[in-house]
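Since the structure comes first, as structure tokens, the remarks are kept for the end.
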Amino acid sequence: MKLLFVLPEYPPYHGGGIITFYRELLPLLARMGHKVHVIVGSGVVAEHEPRPTMIDGVSVEMLDAKRFEQQFRNFETFASTPMLRRHLAAAWAIHEQVGQGEYFDLVEATDWGRLFVAWVVEAGPPAVVQLH
């Protein structure tokens, strides 16, 4: 299977508890023969010149900051709740960046940062929401 994971952190970019689960699971899935791709980002994590990398058989990509900034402008309605606005913008920017998941069989996104929202309301592959 071609699996997409939408996460707020993954090596080499990490700092919280979500990584303790995924840093064990994802390399194992890759060793089992699945194509595993992670896109890392949130309302507080994006990169201006993201360069995909491979870590233990897992393809890792960062949220493109320019794409995030474009989506941020689309969420002006949420100006009174700036963090919610940032996280929703990140969720849609990620959805857009990976082509709405067109090349994946399944997407898993975390509840942290509302990263799952675009995947459950927009077209794309089946989605799993992982509560952390």
Among (1) open to solvent by less than 50 Å² (accessible area, probe 1.4 Å); (2) out of contact with any strand residue (DSSP E or B) (no Cβ under 7 Å at 6 or more places or on another chain), there is one condition PHE72 misses while meeting the rest; what is its number? (1)
Residues of segment 14-40 satisfying the condition of being crowded, with 17+ Cβ neighbours inside 10 Å, of a type outside the set (Val, Ile, Thr) and touching a residue at least 60 places away in the same chain (Cβ under 8 Å): HIS37
Hits in segment 86-98 - residues which are open to solvent by less than 40 Å² (accessible area, probe 1.4 Å) and either in a loop (DSSP other than H, G, I, E, B) or of a type outside the set (A, V, I, L, M, F, W, C) (or both): HIS87, HIS95, GLN97, VAL98
Just give me the residues in segment 95-121 being under 19 Å from PHE21 (Cβ atoms) and not aromatic (Phe, Trp, Tyr), in sequence order. LEU106, VAL107, GLU108, ALA109, THR110, ASP111, GLY113, ARG114, LEU115
Here the residues within segment 114-132 that are surrounded by 16 or more Cβ atoms within 10 Å (Cβ to Cβ) and part of a loop (DSSP other than H, G, I, E, B) are LEU115, PHE116, GLY124, PRO125
Quick test for you: out of MET54, MET83, pick the one residue that is in a helix (DSSP H, G or I) and over 14 Å from ALA118 (Cβ atoms). MET83
So, ALA79, is that one of a type outside the set (Phe, Trp, Tyr), modelled with pLDDT under 95 and either open to solvent by 60 Å² or more (accessible area, probe 1.4 Å) or farther than 14 Å from PHE5 by Cα (or both) or not? no
Give me the residue from segment 99-113 that is over 9 Å from the mean Cα position of the chain (by Cα) and in contact (Cβ under 8 Å) with a residue 40 or more places away in the chain and, out of that set, most open to solvent (accessible area, probe 1.4 Å). TYR103
Filter segment 41-51 down to residues that are in contact (Cβ under 8 Å) with a residue 12 or more places away in the chain and outside any strand (DSSP E or B) and give me whichever is farthest from GLY99 (Cα to Cα). VAL44
Complete set of residues in segment 21-44 that are among the aliphatic types (A, V, I, L, M), farther than 25 Å from VAL117 by Cα and in contact with a strand residue (DSSP E or B) (Cβ under 8 Å, 6 or more places away or on another chain): ALA30
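The values are calculated or read from the model by the stated rules, or taken from the named source; none is laboratory data. Nothing here was measured: the structure is a model prediction, and the numbers come from that model. Cβ: placed from backbone, ideal geometry, glycine included. Neighbour counts: every protein chain shown. Accessible surface areas use protein heavy atoms only, side chains included; no ligands, DNA or RNA. Shrake-Rupley method; radii C 1.70, N 1.55, O 1.52, S 1.80 Å.
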